[in-house]
Amino acid sequence: DAKTTQPNSMESNEEEPVHLPCNHSTISGTDYIHWYRQLPSQGPEYVIHGLTSNVNNRMASLAIAEDRKSSTLILHRATLRDAAVYYCIPTGNTGNQFYFGTGTSLTVIP
Amino acid sequence: DTAVSQTPKYLVTQMGNDKSIKCEQNLGHDTMYWYKQDSKKFLKIMFSYNNKELIINETVPNRFSPKSPDKAHLNLHINSLELGDSAVYFCASSPRVSPRANEKLFFGSGTQLSVL
């Protein structure tokens, strides 16, 4: 299973963009990079995923490095509701079963 | 309708008791999971079932026994509860076991288990 490294915590001001980094240097060529987040007292929820190209959806953007050894989740305008723990999870067709690491705890400051 | 629902939301019990947590998904998914989140917030997979068949058992004590009566339900029965079993237990589902890489997990809201 690919190992991930994320900052334990980050802070952002409300309405500012947030860039959440993740290193996954042992990722295999067929692993997708998934991001989930867990709001306080809730179950994790899907945010975004990608393979090689950058991805955008209504929640966030995902920027994947050319060598795929790192990725960055981008929240374009942080709101108070975005305060959560964000998990980066490389997921493949063999072996990986959505193993969650320790994630990054994002605090949004009003 | 809630996609993945768990009951109960809170469960307080004494050491040594046997308890069950129920999970149901109405998404038509084939694969269901149980995760445990401990006091340090580390989220660890326990089991996964694909269409009623056990796929993953992650070195969980055999006091924990998942049961899947059909692919929409995955219940977790815990015998002889111990203090260390106190945690939040999350049920989840995904469309299929394979291919997995491009699919999403959908989680329930969790069951807070407190063993006294």
Please work out if A:Thr72 is more than 14 Å from chain B (Cβ to nearest Cβ), surrounded by fewer than 21 Cβ atoms within 10 Å (Cβ to Cβ), of a type in the set (S, T, N, Q) and more than 17 Å from A:His24 (Cβ to Cβ). no
Collect the residues in region B:59-116 that are within 14 Å of chain A (Cβ to nearest Cβ), loosely packed, with under 15 Cβ neighbours inside 10 Å and in contact (Cβ under 8 Å) with a residue 24 or more places away in the chain, keeping them in residue-number order. B:Arg96
Where in region B:1-57 are there strands (runs of 3 or more DSSP E), lying wholly inside it, with at least 2 residues that are in contact with a His (Cβ under 9 Å, 6 or more places away or on another chain), of a type outside the set (Phe, Trp, Tyr) and surrounded by 15 or more Cβ atoms within 10 Å (Cβ to Cβ)? B:19-25
In region A:92-110, the residues that are at negative phi, at pLDDT below 75 and touching an Asp or Glu at 6+ places or on another chain (Cβ under 9 Å): A:Gly92, A:Asn93, A:Asn96, A:Gln97
What number of residues in region A:3-47 are under 14 Å from A:Thr102 (Cα atoms) and either buried (at least 19 other Cβ atoms within 10 Å of the Cβ) or small (Gly, Ala, Ser) (or both)? 11
Would it be correct to say that B:Ser39 is at pLDDT below 90 and closer than 16 Å to A:Ser41 by Cβ? yes
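Looking only at region A:30-59, which residues are free of Cβ contacts under 8 Å to residues at least 12 places away in the same chain and not aliphatic (A, V, I, L, M)?
A:Ser41, A:Gln42, A:Gly43, A:Glu45, A:Ser53, A:Asn54, A:Asn56, A:Asn57, A:Arg58
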Could you go through region B:48-56 and let me know if any residue there is at pLDDT 85 or above, within 13 Å of another protein chain (Cβ to nearest Cβ) and in contact with a strand residue (DSSP E or B) (Cβ under 6 Å, 6 or more places away or on another chain). yes
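The values are calculated or read from the model by the stated rules, or taken from the named source; none is laboratory data. Small disclaimer: the values here were computed from a predicted structure and weren't measured. Using ideal geometry, Cβ is built from the backbone for each residue, glycine included, and neighbour counts are taken over all protein chains shown.
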